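Comments concern the structure below.
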Amino acid sequence: MKIIEYKMHQFRLELVQPYRFAESTFRYRPINIVAIKDELGNVGLGEVEAFEFPTYIEEIQADCVRILKTRVLPLLGSKEFDTPFEFSRFINSTNAPYMARAAVEMAIWDLFSKRNNISVQKLISLAVSTNQPLKKQVSVGVAIGIKTNAEQIIQEIEHQLDLGYTRIKLKVNHTYTVGMLKQVRQVFPKEEIMIDCNSQFSLRDKNFFQNIDGLNFSMIEQPFSQKDFRNHAKLQSHLMTPLCLDENIRNSEDIWKVVNLGAAKVINMKLARVGGIANALALTVLAENQGLKVWCGGMLETGIGRAYNLALASMPFYSFPGDISASNRYYKNDVIREDFQLEDGKLNVPEKVGLGVTLNPVAKAKFNQDEWIKI
C-alpha cells in the first residue's frame, strides 16, 4: 500500500455537560481528524486525541499536529507498507509523540480493512489469531467527573445505573473523604465501582487508601504521578485492592517496570497513549503473559476514536467493561453520522467495511474545505 495524500481538520466540540477530572474542567474539546488516502482512492480516518493542555500527560494537541505535518506525514510518500504492523514499526521509528503516531496508525488500519473488504474489528481479530466468534456487542462503563458531595455522587451513579452501564468509574481528588466513599458503598454495596485519581495523590496519602481498602472497589487507578513506579509499588504492597496504572504506561519498558516492582495489578490500555492499535496489542499480550489484567480505556474521543476502541475492546483478552460510553454521553454534535446507543449495558461494535463509521454532513462539509496535500 502506498499513501499519496493527507488532510487534517480541527473540530472544536462542545461536551454535553462540563466534565471535571483532576484539577481541570472541560467544556470544549479540540480534536484534529486526520484523513489519509492510498493509491486506490481509499480514505482512512484517525484522530489526534491529545488534550489542549498537558492535564493528562505532557503531549498536547498543537504539538502533535505540528509534528505530524512537519516530521511524519511528509515521509509517507516515499514508503510502501504491506501490513499495519509494518507501518507501526515505521511510525515508532520516528519517535513522534505517541498520540501523534496513533492518529495516523489508526487510519492505516481503516485503509487496510477497506483494501481487504473487511471491518477493522475483523482485521484486528486476524492479527491476534483468535478463532473465537467476533463479538457484536461489548459491555461498557462510564466515568463520573468530580462532584461536590456524596449526595451528588450517589445521584449520578443512580442515573448511570438506570441507563444500563455495567461499571462506574469515580474521578477522585483531595476533596473526597473516606466518609464520602463509605456513603457511596453503603448505597451501592455490590455494584462494579472503581476510583480514578489522575495522579492527584502522593504516598503521604497512604492512610486514605488503606481506609478505603475494604470498600470492595474494583481497582484504584493512577493515584500517583505518571513517572512514579516505586511509590505505586509501595502502596500496592499495603493494599488488597488492585492498583491500575494509566498515565505511566507508554511502552514495553513501562510494563516491565510494573512487573519487576509490583507497581500494579491492572493496566488501563489506551490506544492513543501507547501509539496505536499494533502497540496496544503487543503491550496487552506482554502484560497478560506477566499476570497483569488489561482493559480498554477512553480519552473523550469523537465517534471515530470510539469506533476504534470498540473494535479493540471486542477482542477476547478484554473482559472488564471499558471507558466507552454511548454517544449521548459525549458531545452535543459529534463528527460521525452513526449513533452509539446503550443496549442492556452494551454498545454495538461497527461491522461495516473499514472503521464502520462515516463523517456526518456538517463535519464532512467542514473537512472538505481543506485541500488534499500530496506527499
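The values are calculated or read from the model by the stated rules, or taken from the named source; none is laboratory data. Everything numeric in this text was worked out from a predicted model, so none of it was measured. Neighbour counts run over all protein chains shown; Cβ positions are idealised from the backbone, glycine included. When the accessible area is computed, the model is the full protein with side chains, heavy atoms only, and any ligands, DNA or RNA have been set aside. Shrake-Rupley method; radii C 1.70, N 1.55, O 1.52, S 1.80 Å.
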With every protein chain kept in place and a 1.4 Å probe, the chain has an accessible area per residue in Å² of 41
Sequence-distant or interchain residues sharing an amide H contact under 5 Å with Glu47, placed H: which?
-> Val34
Candidates Asn260, Asn251, Asn173: whichever shows maximal mean-square fluctuation once the chain is modelled as a Gaussian network with Cα springs under 10 Å = Asn260
Tally up the carbon and sulfur contribution to the accessible surface of the chain as a whole percent, 1.4 Å probe, everything protein left in place.
-> 47
Given charges at Cβ of Lys, Arg, Asp, Glu: region 189-330 dipole, positive-most of Ser327, Thr302, Ile195 | Ile195
The answer for Gln137, listing residues at least 5 apart or on another chain whose modeled amide H is closer than 5 Å to its amide H, is Val349
Counted charge near Gly262, where neighbours are those whose Cβ lies closer than 11 Å (Asp, Glu -1; Lys, Arg +1) | +4
Given a Förster distance of 35 Å, the FRET efficiency implied by the Cβ-Cβ spacing of His174 and Glu58, rounded to the nearest 0.05, works out to 0.95
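How high is the relative contact order of region 252-375? Use alpha-carbon pairs under 8 Å, at least six apart in sequence, and give a whole percent.
Values: 141 pairs, mean separation 23.9, N = 124.
It rounds to 19 percent for region 252-375.
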Using label points projected 7 Å from each Cα along Cα→Cβ, tell me how many nm separate Glu86 and Val187, to one decimal.
-> 5.6
Provide the net charge surrounding Gln121, with neighbours chosen by a C-beta distance below 14 Å and charges set as Lys +1, Arg +1, Asp -1, Glu -1.
-> +4
Specify the residue with the greatest mean-square fluctuation among Gln226, Gln61, Gln183, computed from a Gaussian network of the chain linking alpha-carbon atoms under 10 Å apart.
-> Gln183
Separation between the Val362 and Ser78 pseudo-spin-labels, each 7 Å from Cα along Cα→Cβ, expressed in nm?
-> 4.2
So how far apart, in nm, are the two label points at Ser93 and Ile373 if each is 7 Å from Cα heading toward Cβ?
-> 2.2
Residues whose built amide H sits under 5 Å from the amide H of Gly354, excluding neighbours closer than 5 in sequence, are Lys114, Ile118, Ser119, Val120
Multiply the residue gap between Lys227 and Asn260 by 0.36 nm, knock off their C-alpha separation, and tell me the result in nm, one decimal place.
-> 10.4 nm
In the structure shown, do any of Lys37/Lys366; Lys147/Lys293; Lys7/Lys364; Lys2/Lys352; Lys169/Lys234 have a Cα-Cα gap over 20 Å, and if so which?
-> Lys147/Lys293; Lys2/Lys352; Lys169/Lys234
Over the chain, calculate the relative contact order: mean separation of alpha carbon pairs under 8 Å at least 6 apart, over the residue count, as a percent.
-> 21
When a/c is below 1.5 the answer is rounded, else prolate if a/b is larger than b/c, else oblate, so apply that to region 199-277 with a ≥ b ≥ c taken from the square roots of the Cα gyration tensor eigenvalues.
-> prolate
Among 94-105, 342-353, 192-203, 9-20, how do they line up from the highest to the lowest mean number of other beta-carbon atoms within 10 Å?
-> 94-105, 192-203, 342-353, 9-20
Using just the helices of the chain, give the 222 nm mean residue ellipticity in deg cm²/dmol: DSSP H runs with n ≥ 4 each add -39,500 (n - 2.57), and the total is spread over all residues, rounded to 500.
-> -10000 deg cm²/dmol
What relative contact order, as a whole-number percentage, does region 141-203 give when Cα pairs under 8 Å and 6 or more residues apart are counted?
-> 40
